[in-house]
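Remarks on the structure that follows.
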Amino acid sequence: MDFGLTEEQQAVADLATQILTDKVDMERLMAIEASDEWFDRDAYQALADAGLVGIALGEDIGGGGLDIVAFGQALTAQGLTVAPMPLLPTGMAALAIDTYGSDELRQAILPGVCAGSTVLTYAVQEPNDDRLGTPSTAFADGTITGTKSVVEFFTHADHLVVSTDQGLAVVDGPGADPTITATEGSSTRKEPVHLLEFAGTPATLLGGGPDAVGWLVDRATACLCATQLGVTEKALQLTAAYTTEREQFGRPIATFQAVVQRLADQYINIGGIRLNSTNVLWRLAHDLDVDEDLPVAKWWASERATDVAHATQHCHGGMGVSVDYPLYRYTLWNKHIATSLGGGTQQLRRLGQALATG
């Protein structure tokens, strides 16, 4: 077991960080927040042009042919810059189509994903039901019926990958389909999300059967952990810099024992997030079981990440909640990721079930 990045994976990490750091700053984020859409199209297209959006997809459709570990490096870079873009939903939906779709479907959709012109998303969560692996949304006679919640980038998506009782199904984007009722809401990070009601919506069933649902949920959860790593790392970096410069009683507050100890605890927490997120990505890349490892990783990316959010806000005082200061956004992203696809309590239940049945 070697968690060290390969040369190609490290190149992905370096390139994604460089592109997003160059493209995304406070001025850019505030301009997007003031606009009508939560989407940095310029930064996203730059990633696509560099081959990073499709880095884990097959080379025959324009992808990079690397693994989910490489894609996780791009997501960590997104977390470092909190760049609003559909990198994770597009990447996960595309990976499902690449793995379980027919060659005809792959050739029709995935080249556009790699080029940045096609946006995808996935819908796996259902209202008041945390059993993500056994959806109640039904597929029958080429249509789906059911309700999905917290669907990201629905209005931008050309296609959706939806979990059903028969497996994963591909649905065309919103358009004017009267069989889809969409109700818009807002997530913790102020991102538009939708509640979707499907009433006999035409869909194409992918291969893999019901097992493909768990396959997608596992990979999406692992990639959320990779994104949270970037979010928490940057939050701690911001706090270390701030406490070094902020003075009280004639000296930097970073010299106060209480502050040092609080941030040292968060350094350990982030180390745990890094170790566990790297572990599950590595295991998925090598087709190993993650029934016990994945809930542990998401628990760290939920519970311990929440500790990071609280500590970094506390050490910033009132500055931490200023919309003109970066930390505000990292805290909102942290909270969004912590609860997405199941928070800490759900992960402990899943771990308990895995241990009981293992």
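Things worth noting here:
- Relative to one another, the C-alpha centroids of segment 119-136 and segment 246-313 are positioned 27 Å apart.
- Whole-angstrom Cα spans of segment 258-358 along principal axes, big to small: 47, 25, 24
- Only DSSP H runs of four or more residues enter the estimate; each adds -39500 (n - 2.57), and after division by the residues of the chain the mean residue ellipticity at 222 nm equals -17000 deg cm²/dmol.
- The label-point distance for residue 303 and residue 199, in a model that sets each label 7 Å from Cα toward Cβ, rounds to 4.3 nm.
- Local net charge near residue 207, Cβ-Cβ under 13 Å (Lys/Arg +1, Asp/Glu -1): -3
- Net length available on complete extension from residue 211 to residue 249 is 7.6 nm, with 0.36 nm assigned per residue and the Cα-Cα distance removed.
- Partner aspartates and glutamates whose Cα lies under 14 Å from the Cα of residue 148, excluding those fewer than 8 positions away in the same chain, are identified as 126, 129, 130, 165, 184, 197.
- Extension gain, residue 104 to residue 172: 0.36 nm times the residue separation minus the Cα-Cα distance gives 22.9 nm.
- Positive minus negative residues near residue 351 (Lys, Arg vs Asp, Glu; Cβ under 12 Å): 0
- Relative contact order [Cα under 8 Å, 6+ residues apart], the chain, whole percent: 15 percent
- The shape of segment 7-118 comes out oblate: with a ≥ b ≥ c from the C-alpha gyration tensor, a/c is at least 1.5 while a/b does not beat b/c.
- Cross-link partners of residue 190 among lysines, defined as those whose alpha carbon lies under 16 angstrom from its own and excluding same-chain residues fewer than eight positions apart: 335.
- Net charge, residue 131 excluded, C-beta distance under 13 Å - Lys, Arg +1, Asp, Glu -1: -2
- For the pair residue 345 and residue 292 in one chain, pulling the backbone fully straight at 0.36 nm per residue adds 17.6 nm over the alpha carbon distance.
- The mean sequence distance of close C-alpha pairs (under 8 Å, at least 6 residues apart), as a share of the length of segment 121-205, puts its relative contact order at 33 percent.
We did not get these values from a lab; they are worked out from the coordinates using the rules stated. For clarity, every value in this text was computed on a predicted model and none was experimentally measured. Don't worry about glycine lacking a Cβ; one is built from the backbone with ideal geometry, like all the others, and counts go over all protein chains shown.
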